[in-house]
1. Per DSSP H run of n ≥ 4, the term is -39500 (n - 2.57); total these for the chain, divide by its residue number, and report the mean residue ellipticity at 222 nm rounded to 500 deg cm²/dmol.
2. Would you work out which of G39, A127, A142 lies farthest towards the positive end of the dipole of the stretch 5-150? Charges go on Cβ: Lys and Arg +1, Asp and Glu -1.
3. What is the local net charge at P101, summed over the other residues whose Cβ is closer than 14 Å to its Cβ (Lys, Arg +1; Asp, Glu -1)?
4. So if I place +1 on the C-beta of Lys and Arg and -1 on the C-beta of Asp and Glu, and nothing else carries charge, what would the dipole magnitude of the chain be about its Cα centre? I want it in debye, nearest 20.
5. Antiparallel as a % of all DSSP beta bridges within the chain, to the nearest 5?
6. In whole Å, largest first, what are the principal axis extents of the Cα atoms in the stretch 51-153?
7. Non-local amide H neighbours of G126 (under 5 Å, H modeled in plane, Pro and chain starts lacking H): which ones?
8. Which one of P50, G13, C102 has its Cα pushed farthest toward the positive end of the charge dipole of the chain, where Lys and Arg give +1 and Asp and Glu give -1 at the Cβ?
Amino acid sequence: MAFEVMSSAFAQGEPIPVKYTCDGDDISPPLAWGDPQEGVESFTLINDDPDAPVGTWVHWVLFNLPADARSLPERVPPDAELPDGSRHGQNSWRRLGYGGPCPPSGTHRYFFKIYALDTSLQLEPGADKKQVLEAMAGHILAEAELMGVYSRQ
């Protein structure tokens, strides 16, 4: 499998099921990705919405996923640190963990981006997207993204 990210819950460009939004259970969707290349030390996931009226809204930051990780299950708990050593960053609600799509109006795009890194990030749980991106600079070996859309009824 090439280095791409996918979900069994929705396909590229398709609607994100209500279950994974603020109108449903507000749980994280299952994700899977392929092998990027040699030299990967960790993965980082950033999920955001560039269509938010206040600017890009960050829904999920998860970093230091182990190099051998190739998936995330549905309903990842919002713990600061997970059993595999991965750490949650802070989302735009100033919480740890996943916060599902909840657009105030219209159809928004939600990008799930996976970064393959040649290092582990020396950041504490609760780091925000900006801090994570700064720590990743110069360490990204590959990246892949999955985009889903959502509009409230």
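1. Per the formula, -1500 deg cm²/dmol.
2. A127
3. On the way: positive: K19, R109, R152; negative: E14, D23, D25, D26, D48, D49, D51.
Combined, the nearby Lys, Arg, Asp and Glu give -4.
4. 480 debye
5. Roughly 95 percent of the beta bridges in the chain run antiparallel, per DSSP.
6. 41, 27, 24
7. Amide H neighbours of G126, under 5 Å, 5+ apart: H88, G89, Q90.
8. Final value for the positive-end residue is C102.
Each reported figure results from applying straightforward, stated rules to the coordinates on display, with no laboratory input. A quick note: this is a predicted structure, and the numbers were derived from the prediction, not measured. Glycine gets a Cβ as well: all are built from the backbone with ideal geometry, and neighbour counts include every protein chain shown.
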